[in-house]
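Participant: The structure's right below; bear with me while I get my questions together.
The values are calculated or read from the model by the stated rules, or taken from the named source; none is laboratory data. Owing to the predicted nature of the structure, the values given are computational and were not obtained by experimental measurement. Every residue, glycine as well, gets a Cβ built from its backbone with ideal geometry; the counts of neighbours run over all protein chains shown.
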Amino acid sequence: MSAREEILRRVRSATADVNVSDPALDVPVHWRYGQPLSTPDVLADLVEKVEDYKATVVRVSDAEVGAAIVTALRGLDAASVVLPDGLPDEWADAVLDGGLAVHRDDPELSHAELNVIDAVVTTSAVAMADSGTIALDHGPGQGRRALTLLPDRHICVVRADQIVSDVPEGIARLAPALRARRPVTWLSGGSATSDIELSRVEGVHGPRRLWVILVDA
Amino acid sequence: MSPTRERLTPEPPSWLGIPPFPEAVKEALGKAEQRKNLRHATGTIRAKRVARADEVDNWEELRTAAAQIKDRVGRHLDDYLVQAEKAMTDAGVTVHWARDGKEANRIVADIAKAKGVDEVVKIKSMATQEIDLNEALEAEGIAAWETDLAELIVQLGHDLPSHILVPAIHRNRSEVREIFRTEMGTYGTPAPAGVSDNPEELTAAARTHLRDKFLRSKMAVSGGNFIIADTGTLVIVESEGNGRMCLTLPETLVSVVGIEKLLPTIEDLEVFLKLLPRSSTGERMNPYTSFWTGVTPGDGPQDLHVILLDNGRTNVLSDPVGRAALRCIRCSACLNICPVYERVGGHAYGSMYPGPIGAILGPQLRGLEEERDRALPYASTLCGACNDVCPVRIPFTDILVHLRHKVAEYKSSKHPTVEGGIMKGAGWVMSDGKHLASVQVASRAAGKLYRGKWIGPMPVPLAGRWLQARDVEAPPTETFREWWKKNREGGQK
Ligand code: SF4
C-alpha cells in the first residue's frame, strides 16, 4: 500500500465514529466572517498601530508622494534604491532629481546585487488598521518577493482607500489574489526578534526599518 | 577501525538521554539559573498576552470558532487531505505522503540528492524537530542550518530546544555570547571579536553569520502553520524574516507539514491570524506572514514540495476524547502559563513538545509503551490555567485525566497494581457527576472525623509521595456542590 493510501486508510478508521458526512452539518462554526470593526477613525488607528512597531508613518497628499519618498530615503540614510515596475514615473523622477542611485529590476537583479542596495520603495495592496499590518500581493508597483526582502530599508506607500479596519476585512479583500495563486506577504513593522531574554531587537534578516507613506484621498 | 567521519553541523545531545519526567524534574529543579531565566521570560510574555487578548472584544467567540474549525478539519480529515492534495498539485507543488519520520526524512534527503545540494537552510519547525530531520540529513552528508535566532543558539550550543516558540528561553545573554564566540567561527562567519552580551550586538552577529548561508543556499526546508485545503495555499507566520529568506531565495523548497494543519478555506485564516500572534508572542501581529500557492514564475522557488506527515497523528485522531489535542496551533501560551513548566523548564518533558501540550500530545503521538510517555499525563497539577489560555480551547484537564486513566489501564493490563486500581477509581469518579457526588459524601464524612486537624503522611501509595512534601488540610465538611446549592442556586446570583 502506498503511504498515501495507508494514511488515508488510517484517517478513515480513526474517524469511524463520525457519521455525518457534511462537515458543516457535523460541526457548525459559530462565526460571521469578514466583519468590520467599528473603529471611529481607521486611518488614525493604522498610524497608531504601525508606529507602535517602531516604524515611521507620514501622511501626505497625492501630489507630495515623490518628495516624501526622497525625504524617507534621506531619513533612512539610504543612498541607493530599487524601484519595482509599475510605480508612477513621477516618483522615479523625484528620486533621480534627489540625486540618489536608482536601480530597476529589469533585467532581473541577482540576489547579491539586491543585497547591497540600501532600500526599496513599493506600493501595497491592503492595510489592516487594528493589527497595523500591511499586505503586499506582489502586483505592479510591489515587485517580486526578493525585492522587499534583501534591501535593508523598506518604504511603503499606502493609499487611504486601501485601509480596512481589521484582519477579517483584509482577508476578504485579499481572497481574490490568493485564489488567483498570487504570493502574498504581510508586514507588521520591520523584522524583529525577542529570542534573547525576550528583549525585542528590531532588525534581524528582513528589512530592518519600515517607513510608511500614507496618501490621503 | 573505520575512520569516523567529521560532522558537518554541531552535534546535539539526544532526547533519549533524558529520564522520565519525575526523575528529570529533580535535576531541573536544581538549576537555579535556568529557573530564574524561565520565570523572567514566562512572566513577561504572560503579561503581554493578557494585554493583547483583552484588546479584542470578541476574543471568546474567536476561540470558539477556532476550536470548531479545527474540529471540522479533524473529523473530516480524509476529505480535506484529498482536496488539499489536488489544489496543491494543480498549483505546481509535488505532494508527498509520509507515514512516519523515517519516511519523511528519506524524502527530504532524496530531493536534496537529486538536486545535488549538500546543505539546506531551515525555518524553525516543530514537525522537522519531531522527526529529527537535521540528524537524518547529517547522516546523509547534508548539512541542515537552522536560521531562526533561537534555533541557531540551540544548534550552535549543542543543546536541545526547551520551548516551542522561544527554544533558547532557558539561556541568558551571557550564555548566548559564549556560544556565539566559541562556535560561530567553526561553521561559518565568526562573531565579531569583542562582541558583548547586548542582545542587539548578538542579533547583528547572527545576521551576518546567516546572510552568507541565505545567499548561497539552493534548497530550504520549512514546516507550515496552515495549509488551505480549498486553494492549496501554505501559510508561515514568523518574526525575523529568516522565514521569508528561506521561502523566497532558494530554488527548491520542501515543506514538512503535519496532516492536521489544514484549514478549509482562505476565509478561515481571519480567525487564526487574530488568535495566533496575540496568544504566542503577545503582539497584535507577528512581523512577517507569507502566503504562497504553488509556483509563481519569476518569483520564489520554482520547485516546491510538500510532505504530508502522519507520524502518530492518526493515533491521536483515533481517540474521540484525545483528538482535541490536534487543534493545537503551536502558539505556546499553555507553556507560558503553566506553573509546572515555569519551574522545571522544557527539557524535563523529554521531547520537543514540552509543557501542557507536550503532556497530552506526546503520549498520544508515541503511545504508552515507554515509561517517559506514561509519566507525562502526570506532569500537571490539573490547575486548568492552560484550558483558559488556549486559543483553540483544548480541554487539557479532561484529556489529562483521560490519559491517566489509560496509563492505569495499560499498567494493570501488564501487571495489576494498587495504584492502577486507584486510578481506575479516579476515572470512574471523573466520568460522571453522580459518581463524584457519592465520593464526596464519603470525603465529607472523613472531614467530620478529622475536623480542624491536619492530615500527615497518608497510607495511600500514590498520594503518599506527593504528601511527603506537603501537609493537607482535612477535607471540608461540605462539598462545593452543596455550598453552591445553598448559596448560589435558587435566586441569588
Ligand atoms: S495547546 Fe493551545 S495554548 Fe498550547 S500551544 Fe497549542 S494552541 Fe497554544
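Participant: Quick check on A:Arg181: is it at pLDDT 95 or above and part of a loop (DSSP other than H, G, I, E, B)?
Facilitator: The answer is yes for A:Arg181.
Participant: Could you say whether any residue in the stretch B:70-80 is under 18 Å from B:Phe226 (Cβ atoms), among the hydrophobic types (A, V, I, L, M, F, W, C), surrounded by 20 or more Cβ atoms within 10 Å (Cβ to Cβ) and at the interface with chain A (Cβ under 9 Å from one of its Cβ atoms)?
Facilitator: Yes, the stretch B:70-80 has at least one match.
Participant: Related question: Only one residue in B:Ala65, B:Ala109, B:Ala24, B:Ala28 is among the aliphatic types (A, V, I, L, M), within 11 Å of another protein chain (Cβ to nearest Cβ) and surrounded by 14 or more Cβ atoms within 10 Å (Cβ to Cβ). Which one?
Facilitator: On inspection, the qualifying residue turns out to be B:Ala65.
Participant: Identify all residues within the stretch B:165-176 that are within 14 Å of the ligand (Cβ to nearest atom) and either over 18 Å from B:Glu146 (Cα atoms) or surrounded by fewer than 24 Cβ atoms within 10 Å (Cβ to Cβ) (or both); write none if there are none.
Facilitator: Result: B:Leu165, single match.
Participant: I've got another one for you. What is the one condition in (1) of a type in the set (S, T, N, Q); (2) within 16 Å of the ligand (Cβ to nearest atom); (3) in a helix (DSSP H, G or I) that B:Asn315 does not satisfy?
Facilitator: (2)
Participant: At least 2 residues that are surrounded by 24 or more Cβ atoms within 10 Å (Cβ to Cβ) in each: list the strands (runs of 3 or more DSSP E) lying fully within the stretch A:79-151 that qualify.
Facilitator: A:80-83, A:119-122, A:126-128, A:133-136
Participant: B:Met285 fails exactly one of the following numbered conditions: (1) more than 16 Å from the ligand (Cβ to nearest atom); (2) free of Cβ contacts under 8 Å to residues at least 40 places away in the same chain; (3) buried (at least 22 other Cβ atoms within 10 Å of the Cβ); (4) more than 30 Å from A:Leu46 (Cα to Cα). What is the number of that condition?
Facilitator: For B:Met285, the exception is condition (4).
Participant: Scan the stretch A:33-47 and tell me whether some residue there is part of a loop (DSSP other than H, G, I, E, B), modelled with pLDDT under 95 and more than 22 Å from the chain's Cα centre (by Cα).
Facilitator: Checking the stretch A:33-47: at least one residue is part of a loop (DSSP other than H, G, I, E, B), modelled with pLDDT under 95 and more than 22 Å from the chain's Cα centre (by Cα).
Participant: For the stretch B:323-386, which fully contained helices (runs of 4 or more DSSP H) count at least 1 residues that are more than 14 Å from every other protein chain (Cβ to nearest Cβ) and within 10 Å of the ligand (Cβ to nearest atom)?
Facilitator: B:333-337, B:355-366
Participant: Then there's this: Away from the ligand (no atom under 16 Å from the Cβ), facing chain A (nearest Cβ under 9 Å), surrounded by fewer than 24 Cβ atoms within 10 Å (Cβ to Cβ) and not in a helix (DSSP H, G or I): does that describe B:Pro320?
Facilitator: Yes: the conditions hold for B:Pro320.
Participant: Taking the residues in the stretch B:138-164 that are in contact with a Pro (Cβ under 9 Å, 6 or more places away or on another chain) and of a type in the set (S, T, N, Q) as candidates, determine which candidate is nearest to the ligand (Cβ to nearest atom).
Facilitator: Once the filter is applied, the top-ranked residue is B:Ser162.
Participant: Continuing with the same structure: Which residues, counting only those in the stretch B:177-214, are surrounded by fewer than 16 Cβ atoms within 10 Å (Cβ to Cβ) and facing another protein chain (nearest Cβ under 10 Å)?
Facilitator: Answer for the stretch B:177-214, where residues must be surrounded by fewer than 16 Cβ atoms within 10 Å (Cβ to Cβ) and facing another protein chain (nearest Cβ under 10 Å): B:Asn198, B:Glu200.
Participant: For the stretch A:8-18, indicate whether the set of residues that are more than 10 Å from chain B (Cβ to nearest Cβ) and surrounded by fewer than 20 Cβ atoms within 10 Å (Cβ to Cβ) is non-empty.
Facilitator: no
Participant: I've got another one for you. Specify the residue that is nearest to B:Thr42 (Cα to Cα); the eligible residues are those in the stretch B:105-149 that are of a type in the set (Gly, Ala, Ser) and under 15 Å from the mean Cα position of the chain (by Cα).
Facilitator: Out of the qualifying residues, it is B:Ser125.
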